[in-house]
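Derivation of every value follows stated rules applied to the coordinates shown; laboratory data play no part. Please read all numbers here as calculations on a predicted model, not as lab measurements. A quick note on method: Cβ atoms are made from the backbone with ideal geometry, for glycine too, and the neighbour counts reach across all protein chains shown.
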């Protein structure tokens, strides 16, 4: 009997709780009237986010700031999130009217933990069922209702341990960064390790020394006009553009292999005995080979076979979406979440590459229908999981249902269509035959005029049966890499064939530093090192970008100088915490806790307090025999050895040092206040490997400090131009003794430069004009003065309290009274100004499905989808901002929720009658004193609360 008919026959009312409203809406349509489906909207409770959220009974406890009682079995304090209290109240009301409760959160550790928290908060008195599914289709949902299970307490314990571990790490290590590097930084267990990977790659690039090497390329003629030779050969191939010629690269000289890029070390030195050709030798050899008679020395043909790729799991989907669609990890997961919630794909957080029998049957049916039975293997393909400790019980990511909808059948558009198509192609291709063909290597030799023997080599590939490549070809991280479906056809040749050299060219090359990580390659690296969990990689990368540890240049992840200082501190004083094998070992331990092979509390005790603390060591808990845990508390308490200046200083070369200061990076020569001391700020968007000694010298050579423009003839004051925190400006130097404070204080005249001006070209006349503002334009008919002023939002006119914008800064000096009166004669535009055209169009937002554009607003450029607006950050540029970055900014803004409105002050009541006032005068006087005291206390408490919240927000990822 179906769930719907069962409830219709008096089965009672059932409350189903899922995580998201979108999922609730979809599932409600499958269950019918007997079910109430409501969302928890993610987590409903968590550890306190700062001192203000710690319950009163724990205030004053030394461990209260952590939200974890480290002295009592690491008992966590859980509080209902302030923005979820109304939702919890609603869920309790719905539960009171229900006969059964189904907890239908996601089927992973996080989802299991949310289900447990719901049960703990709601305290249901009705039967509780754990309802799990990996796709949102009618059959899957009804199957899940009919076959619920109990909560998996092991998964809950493992997730709780992970949460406590991350809290201890973040809340204990982050304050060290605040004290020694910069306020409001954060340290996270995997976030810090990911940042270290990016920094280490940049260090390799900085230390890298390029090597130049040369080789030869020969174009050889076969002597035939083209195809048509009767010769049969397994090496049969064909050059589409010119089958009568063959291009080959020099391989050996007198049997000695020619050096290529892989033969050089990062120091630019040759690593082996390969022959290193410089330009002179290469050109001499090319000249010596001009009249050489060449012949084919060998033709080697081998069968070529390529098997299909496994279906997507979380990390491979993120990598391929980055390569092919240009999506960041976060954007990929946002789009995938939408596809899952709307029933198009299976659950998108999975370590598995397994397909169910139903999915295999659906994929094989589509192979037969779309490509023909010839492309279908005799037996279904199976894929073994490559992820160590893959704990999730899901399938691979695939189209949902027992019949896959083709992309055209879905009705999807934009990014959702693109990602679904990628998943669909990969899934179908995984059940297709191998691609087969031939690979060919041809060796061509001849003796140069100087007697040296030169041998060239050419390789080719032909695909005789494309198999799965008809449906899908995987992308490559290296833009120069050859894709699997690419053919390289060679003309038909056989051993002994004479060839004529049409051209021999010498080619110069230079070794390149290791490529920076992209989101795709960083995800791949983290997974290969078994650091973190695939489901968290998107948030980890998002965090290190948001924190300013990493920024993007194109798709490359570039570490900031700030991240160098942070990683330097962590490596020197918390080495184990950012050690790759240590972090991977922690993941192993957490997985063992999830399987019930280790206990949570002894493991946390050892991590926090160190080896041998209390009773029950690591061996008793089954935590392994290596000393991979111990002593976080002691580490963060011994800060005396940390030299803040030293960890934030990096030699550039010569006597120049880069330092990371509280307000950003700068370079310095010599000691402050010493003779010859120089200092210059470093651009925020400068990649660390681009800070060479030569560039540093350029920065130091630029004029810094004050630009003396001359003397004001009227006041006699020196006029200077400066580069300030908010941009370039001009000001006057007041004579010594001029009072700077008090009622007689004199402020120097100051004015910002126009956008069209620069410090290099501004003159004394320009400065005096700027400082003459505001300019009196004249008076209106009623004698009210009209002035032209330059404000924060641009040039404007002001008459009393009536302000009108001007079109350009130059108008401040040119506008006449008549022109000003004409502007004021126009009706003042109320509300919003006429909409400006967008500065840039980015595409369709994966969440809202609406077009995203960049606009120019009152506070600068911002991205919007018509519903949500997000201001561009300092490192964002209108010209270079990508669609992916725009989507990220909007997603962050949505996550923060709407801005809280300030409560209006209560309107004072009218005074009471005189008689009543007289009777209560004494009471009022006393009340005022009490109220004043309360207000003062409240203000102090509010200030402390705000500070606590800011501190808490900085401490965790």
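FRET efficiency for the residue 894 to residue 300 pair, using the beta carbon distance and R₀ = 45 Å, is estimated at 0.15. Each 5 Å bin from zero holds the following percent of Cα-Cα pairs in segment 76-211: 2, 8, 12, 14, 14, 12, 9, 8, 7, 6, 4, 2, 1, 0, 0, 0.
Report note on the peptides 129-140, 451-462: ranked by the mean count of other C-beta atoms within 10 Å, highest first, their order is 129-140, 451-462. Cα gyration tensor of segment 99-146, axes a ≥ b ≥ c as square roots of the eigenvalues: rounded (a/c below 1.5), prolate (a/b > b/c) or oblate? Verdict is oblate for segment 99-146. Working ranking of peptides 41-47, 521-527, 327-333, 56-62 by packing, defined as the average number of other Cβ atoms within 10 Å per residue, highest first, is 327-333, 521-527, 41-47, 56-62.
If R0 is taken as 56 Å, the Cβ-Cβ distance between residue 403 and residue 646 corresponds to a FRET efficiency of 0.30. Size descriptors for segment 648-701 (Cα atoms only): Rg and Dmax, in that order, 10.4, 30 Å.
Our compactness index for segment 840-896, the C-alpha radius of gyration over the empirical 2.2 N^0.38 Å, is 0.97. Using a simple spin-label model with pseudo-atoms 7 Å out from Cα toward Cβ, residue 824 and residue 528 lie 7.2 nm apart. The modelled label-to-label distance between residue 784 and residue 260, using points 7 Å beyond Cα along the C-beta direction, is 8.0 nm. Taking every alpha-carbon pair under 8 Å whose residues sit at least 6 apart, segment 648-701 reaches a relative contact order of 29 percent. Kirkwood radius and radius of gyration were both taken over the C-alpha atoms of segment 314-433, and their ratio Rg/Rh is 0.95.
One chain, two ends: residue 840 and residue 373. Fully extended at 0.36 nm per residue, the span grows by 163.3 nm beyond their Cα-Cα distance. Computed from label points 7 Å out along Cα-Cβ, the spacing between residue 291 and residue 877 is 5.6 nm.
If R0 equals 56 Å, the separation of the Cβ atoms of residue 747 and residue 867 corresponds to a calculated FRET efficiency of about 0.80.
Working from the Cα coordinates of segment 41-152, the gyration tensor eigenvalues give, after taking √(5λ), semi-axes of 31, 16, 12 Å in decreasing order. Shape class of segment 648-740 from the alpha-carbon gyration tensor: prolate, with a/c at 1.5 or above and a/b greater than b/c.
Answer rounded, prolate or oblate for segment 707-825, using the Cα gyration tensor with square roots of eigenvalues a ≥ b ≥ c: rounded when a/c is under 1.5, else prolate when a/b is larger than b/c, else oblate. Judged from the Cα gyration tensor, segment 707-825 comes out prolate (a/c at least 1.5, a/b above b/c). Cα centroids of segment 766-781 and segment 791-810: 12 Å apart. Once C-alpha pairs closer than 8 Å and six or more residues apart are averaged by separation and normalised to the residue number of segment 707-825, the relative contact order reads 15 percent. With neighbours defined as other Cβ atoms within 10 Å of a residue's Cβ, the residues 586, 348, 182 order from fewest to most as 182, 586, 348.
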